[in-house]
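Below is one structure, written out as structure tokens, with a few remarks after it.
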Amino acid sequence: MPDKPTRLFSRLTPSTERTLSDILRTERAGGILLLVGTVAALIWANSAWADSYEALKSFQIGPHALHLDLSVEDWAKDGLLAIFFFVVGLELKREIVAGELRRPATAIVPIVAAVGGMAMPAILYTVVNLQDGGSPEGWAVPTATDIAFAVAVLSVVGKWLPNALRAFLLTLAVVDDLLAIIIIAVFFTDQINFLWLAASVVCIAVFGLLAAKRITPWWLMVPLAVAAWAFMHASGIHATIAGVALGMVVPAIRRKGEKHALAEHWEHKWRPVSAGFAVPVFALFAAGIAISSEAISTAVSDPVAQGVVIGLVIGKPLGIVLATWLVATFTKANLDRGLNWLDVLGMAFLAGIGFTVSLLIGDLAFSDERVAEVKMAVLAASILAAIIGASMLFWRDRFYRRLYESRSNPVVGHDRMGDAHELARMIGGTVAPRPEKDDAH
């Protein structure tokens, strides 16, 4: 018999099913806190106390002998975001070992989609900045996706969307983060001190060895992780890379007698710290820009800001949908039953929310020059992408809800869409138990 045609977004691995709901709940709360931090930063930076905001951001603290006399803003950017990237590393390890990236058949879609979703914004940005006054240095700014904001929007408007489609956004964002990490490490490292880098690698290796042997007291692992971070910072490579590397060396396979793998356990433990504290505080010190008619006018006419907005709002969804369509075309795969390409497009627009990592890359790309324009463009593009994506998914979500409700009622005759219980499983809902048959009738 011929093989059945492959279906995109059809089934999830047990590991992904087990963690999907928990991730959505945590990231929704994190997205709300991230929004609070952003709004607080904007209000503070545009209030009568704006000078105190700038003074706090630039206040330096830390040991000079270890080259860690950093400003509060740098501590938030280099230090707190290392926690965020540590969780990303744990997530990557779990996905590669036991999740959607374990099987080539399911991994190919989010990987290709993430590559397309990063290549197209970079291309559009570069094209826009070929004009006078443009700057190619910011090509990487519109390539990133902010998973906290994207999932927060999705959890509000997409309650009835199929679980596999929601997992697609999460997995795509994980691959997106990995590619962003590679970009930061390769393109935003000027000089490397190999002695400090070797010291960081040794600390990371010892951390992984202890984790593998399950020797994990906090008083040993935390100082070791901090040392790896500090040595990575001193090496010239962005310190957040240490966070990713530490997460990647944590075992993601359960040992006999363990309820969960160590990577999954630590991801569950550290995600609230990342989403509830590290990222919102980073936003508080990264998103504060003075907004005025003059600043807006400058940003609108700046090719860099134009390229960022076009890259995130147009390039991201275009690249993701085009790459996914190419996978479907060349593998002769079809979307799973009941799904529509509009669902994929709505998800792709949410991927255009590029807040956290885009702000980080913007700081690395432009230092003090044009940072205000870049931040304003990232904020505007993320808001616009969120509105478009949320509107599309809200409309599709209503469709899935009506479909579920119609199929939950008794149907006479053949039902080509399947029964209510099967449909509930597809869209992640629940339904009352099947009624017992009455033999008397």
Self-check item: Nearest-0.05 FRET efficiency for Asp51 and Thr329, computed from C-beta distance (R0 56 Å)
Solution: 0.50
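In Å², and per residue, what accessible area does segment 99-138 have when probed at 1.4 Å with the other protein chains present?
Accessible area per residue: 46 Å².
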Practice problem: Pull out a ≥ b ≥ c, the square roots of the eigenvalues of the alpha-carbon gyration tensor of segment 338-388, then state rounded if a/c is under 1.5, prolate if not and a/b is larger than b/c, and oblate in the remaining case. | Solution: prolate
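Considering only protein heavy atoms, with the full assembly of protein chains and a 1.4 angstrom probe, order Phe277, Phe349 by accessible area, largest first.
Phe277, Phe349
Quantify, in whole percent, the carbon and sulfur part of the accessible surface of segment 239-370 (1.4 Å probe; protein heavy atoms only).
Looking at segment 239-370 in its full context, I get 63 percent from C and S.
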Quiz item: Rounded if a/c is under 1.5, else prolate if a/b is larger than b/c, else oblate: which is segment 143-244, with a ≥ b ≥ c the root eigenvalues of its Cα gyration tensor?
Solution: oblate
Exercise. Work out, step by step, the length gained on full extension between Val39 and Val156: first 0.36 nm times the residue separation, then minus their alpha carbon distance; give nm to one decimal.
Key: 40.2 nm
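If the limit is 31 Å between Cα atoms, which of Lys159/Lys256; Lys159/Lys259; Lys77/Lys316; Lys93/Lys256 go over it? Mind showing how you got there, number by number?
Values: Lys159/Lys256 36 Å; Lys159/Lys259 29 Å; Lys77/Lys316 24 Å; Lys93/Lys256 19 Å.
Lys159/Lys256, as the Cα separations exceed 31 Å there.
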Quiz item: Local charge sum around Gly134 (other residues, Cβ-Cβ under 15 Å, Lys/Arg +1, Asp/Glu -1)?
Solution: -4
Self-check item: Relative contact order [Cα under 8 Å, 6+ residues apart], segment 157-283, whole percent
Solution: 23
Quiz prompt | Rounded accessible area of Glu100 (nearest 10 Å², 1.4 Å probe) | solution = 20
Quiz prompt | Whole-number percent relative contact order across segment 37-194, with pairs defined as alpha carbons under 8 Å at least 6 apart | solution = 18
Quiz item: How high is the relative contact order of segment 119-223, in percent, counting Cα pairs under 8 Å that sit 6 or more residues apart?
Solution: 19
Quiz item: What is the local net charge at Lys77, summed over the other residues whose Cβ is closer than 13 Å to its Cβ (Lys, Arg +1; Asp, Glu -1)?
Solution: -2
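Quick check for me: using +1 on Lys/Arg Cβ and -1 on Asp/Glu Cβ, what's the dipole size of segment 55-161 about its Cα centre, in debye to the nearest 20?
Once rounded to the nearest 20, the dipole reads 540 debye.
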Quiz item: Round to a whole number: what % of the accessible area of segment 144-197 belongs to carbon and sulfur, probe 1.4 Å?
Solution: 68
Quiz prompt | Accessible area expressed per residue, segment 271-357, with surrounding protein chains retained (probe 1.4 Å, Å²) | solution = 36
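For Leu130 and Lys259, compute 0.36 nm times the residue count separating them, minus their Cα-Cα distance, and round to one decimal in nm.
On the way: separation 129, 0.36 × 129 = 46.44 nm, distance 5.49 nm.
Stretched out fully, the Leu130 to Lys259 stretch lengthens by 40.9 nm.
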Practice problem: Please work out how much accessible surface Leu312 shows to a 1.4 Å probe, ignoring ligands, DNA and RNA, in Å² rounded to 10. | Solution: 0
Quiz prompt | Prolate/oblate/rounded label for segment 245-348 (Cα gyration tensor, a/c 1.5) | solution = oblate
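Under the 0.36 nm per residue contour assumption, what length would be gained going from the current alpha-carbon distance of Arg103 and Trp218 to full extension? Can you show the working numbers first?
On the way: separation 115, 0.36 × 115 = 41.40 nm, distance 3.37 nm.
My answer for the length gained is 38.0 nm.
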Self-check item: Nitroxide proxy distance, nm - points 7 Å out along Cα→Cβ at Val300 and Asp69
Solution: 4.4
Quiz item: Leaving out ligands, DNA and RNA, what percent of the accessible area of segment 28-97 is carbon and sulfur, probe 1.4 Å?
Solution: 72
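The values are calculated or read from the model by the stated rules, or taken from the named source; none is laboratory data. For clarity, every value in this text was computed on a predicted model and none was experimentally measured. A quick note on method: Cβ atoms are made from the backbone with ideal geometry, for glycine too, and the neighbour counts reach across all protein chains shown. The protein model used for the area step is the full one, side chains on, heavy atoms only, and it has no ligands, DNA or RNA in it. Shrake-Rupley method; radii C 1.70, N 1.55, O 1.52, S 1.80 Å.
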